[in-house]
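Beneath this line is the structure, given in structure tokens, with notes to follow.
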Amino acid sequence: MPQPPTQPPASDHLRILQINLNKSESAHLELVNDDLSKNYDVILIQEPHTTTFGNIRTPNQFRQVYPGGRQDPNTKVRSGIWVNREIDTGCWKELPIPDTGDITAIQLTGNYGRLTIFNVYSPCENDSAEAKLHQYLQNRGQDIYTGATDHMIWAGDFNRHHPLWDRAEDVHLFTRQATAAADKLIELLGTYGMVMALPKDLPTLQHMVTKKFSRPDNVFCTENLANLFTTCEVDYNHQPTKTDHYPIKSTIELTHDSTPSSPAYNFRMADWDDFNKNLKARIADIIPPRHLLTKEEFDKATIALTEAIKDTIRTRIKLQMPLPDKKRGQNSKKEEK
């Protein structure tokens, strides 16, 4: 049996990607099939494409975090977080924010303290997401930010325009209504001591029709975290298809623990004739088929059948270490030999 690898060394950087996918299935699938796990630890998605059943397609090497209000059929899911499976599950957790589909949050812990990341989609027409964020921080502040070893990031699509981050020459963006909406966000940033990590004057969107640039997406952080950003930049060269937003890449000097990959059963290469033959022999040792008249008899038969299947898997299916960043539907060369 293959032995699990030794615990890999902790990474000294946290790599974050954020992107609004414009609800485009093409953009979403292009991102899912990209080589993400080698380059990013956390991915923040706004306006993902959701399936008929309200699910968000997620890359194999990532864990999906949904917004707290997802189960409400009237709630639009416009925020999601992917966390790289290489990050030890013991050093991060999901923070469910109730009654909204526009905010997802996770909290990472390490020798640096606590880092809470909020992924925010704020609709143009109201400040409901900002109000939910403010309410959550008022109610749960002690669990998030209490001192110098606590850090916080607000990242996402805020749909707000202001000369503090947009280019000064884009005066068409600074309507009275837009400025009033931005002032509410600025006041909230001041309440929690947040500063802007993404440099001013970097557009994050090019309108598909007018081709004009703007800055609806942003990255804010607590002051004690600002100096730990080694990069925070817009990636103009890797814009997914059918979305007018550009990706934003951030790298932060924070150490997080990695988890070793575990071996898994390689069902793809199983000899199913041999498997079925052995399973049939094990089932033959169970009490012959008959009517089950009591719950106790049913439970006993279920356990016996389950154990027969598990034992056959253990003895007839080979273990294999997972391949790094293997894409869905992609056969490995090892398996084809």
Extended-chain gain in nm, criterion 0.36 nm per residue less alpha-carbon gap, residue 314 and residue 180: 41.9 nm
Added length on full extension, which subtracts the Cα-Cα distance from 0.36 nm per residue, residue 231 to residue 208: 5.5 nm
Stretch in the chain that is longest and holds no GluC sites (Glu not before Pro) that DSSP places in a loop and that have at most 13 other beta carbons within 10 Å: 1-124
For residue 95, net neighbour charge (Lys/Arg +1, Asp/Glu -1) across residues whose Cβ lies under 9 Å away: 0
Region 14-252 shape via C-alpha gyration tensor axes, a/c threshold 1.5: rounded
Nearby aspartates and glutamates by direct alpha-carbon distance to residue 76 (threshold 14 angstrom, same-chain neighbours under 8 apart not counted): 47, 99, 102
Candidates 235, 274, 102, ranked by Gaussian network fluctuation over the chain, Cα under 10 Å, top entry: 274
Amide H within-cut-off set for residue 219, under 5 Å, with H built and near neighbours excluded: 197, 198
Tensor-based shape of region 30-162 (alpha-carbon gyration tensor, a/c under 1.5 rounded, otherwise prolate or oblate): oblate
Angle in degrees between helix 272-284 and the longest Cα principal axis of the chain, rounded to the nearest 10: 60 degrees
Cα-based shape type of region 173-250, given that a ≥ b ≥ c are square roots of the gyration tensor eigenvalues and the cut on a/c is 1.5: oblate
For the chain: relative contact order, % (alpha-carbon pairs under 8 angstrom, 6 or more apart): 21 percent
Computed helical MRE - 222 nm, the chain, DSSP H runs ≥ 4 contributing -39500 (n - 2.57), nearest 500: -7500 deg cm²/dmol
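Readers should treat all values here as calculations from the given coordinates under stated rules, not as data from a laboratory. As the structure is a prediction and not an experimental result, all values here were calculated from the model. Glycine gets a Cβ as well: all are built from the backbone with ideal geometry, and neighbour counts include every protein chain shown.
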